[in-house]
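See structure below.
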Amino acid sequence: MRTPVMQEETSGCGIASAANILGKIYSEMNVIANGMNIHASDEALWSDTQYVRRMLAYAGVQTSKSETPFVSWESLSDLALLSIKHHQKNGVNFWHWVVFKRVDGQPFVLDSASYLPSNIRHDFEAMQPKWFIEVLNA
């Protein structure tokens, strides 16, 4: 498995998550995102699911039409975008994007945050996802 993509900007987790799914490096995905008028400096990247959906769709990757409430790690599809670290600011929901993967039955999370000791996470109880978006055909 390749090294997980790290976000290079504070609100670049959506760009990094798309890069992790598409097998691109951050700078390459950032150029694609900027060309789509998606910028990490836009805080809406943390509060609107359409940005990551558009980046994935641009590469031909389909996602579920809606967000599915998180129930358990076992019930997740083999590839999904997860929303963790939910909080509200002025009545607007914000979150941190991560990617859930299951390879050969082994689950893990790719988390682009630079402060983590490892960006491949297995500390599932610490993440507390709110909902997920299934990635259908990556």
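Most fluctuating residue of 82, 116, 56 in a GNM of the chain with Cα springs under 10 Å: which is it?
116
Arrange 96, 86 by Cβ neighbour counts within 10 Å, fewest through most, would you?
Going from sparsest to densest Cβ surroundings: 86, 96.
For the chain, set up a GNM with springs between Cα atoms under 10 Å and report which of 48, 123, 78 has the largest fluctuation.
123
Sorting 133, 15 on the 10 Å Cβ count, fewest up front, what's the list?
133, 15
For the chain, taking Cα atoms only, what is the radius of gyration to one decimal and the Dmax to the nearest whole Å?
Radius of gyration, then largest Cα-Cα span, for the chain: 13.7, 42 Å.
Quick check: pseudo-label points 7 Å beyond the Cα along Cα→Cβ at residue 62 and residue 102, how many nm apart are they?
Those two pseudo-labels are separated by 2.0 nm.
In what sequence do 26, 58 fall when counting other Cβ within 10 Å, fewest first?
With the sparsest Cβ surroundings first, the list reads 58, 26.
Quick one: putting +1 on the C-beta of Lys and Arg, -1 on the C-beta of Asp and Glu, what dipole do you get for the chain around its Cα centre, in Debye to the nearest 20?
Value, rounded to 20: 160 debye.
Please work out the C-alpha center-to-center distance from the stretch 52-91 to the stretch 1-47 and express it in whole Å.
Measuring centre to centre over Cα atoms gives 15 Å.
Only helical DSSP H runs with n ≥ 4 go in: add -39500 (n - 2.57) per run for the chain, normalise by residue count and round the 222 nm mean residue ellipticity to 500 deg cm²/dmol.
Numbers: 4 runs with 33 residues, N = 138.
It lands at -6500 deg cm²/dmol.
Return a single number: how many Lys pairs in the stretch 13-134, at a sequence separation of 8 or more or on separate chains, have alpha-carbon atoms below 17 angstrom apart.
Lysine pairs, 8 or more places apart or on different chains, close enough: 5.
Where a number appears in this text, it was derived from the coordinates with a stated rule and is not lab data. Note that the coordinates shown come from a computational prediction; the quantities given were computed from them, not determined experimentally. Ideal geometry is used to build each Cβ from the backbone, glycine not excepted, and the neighbour counts take in all protein chains shown.
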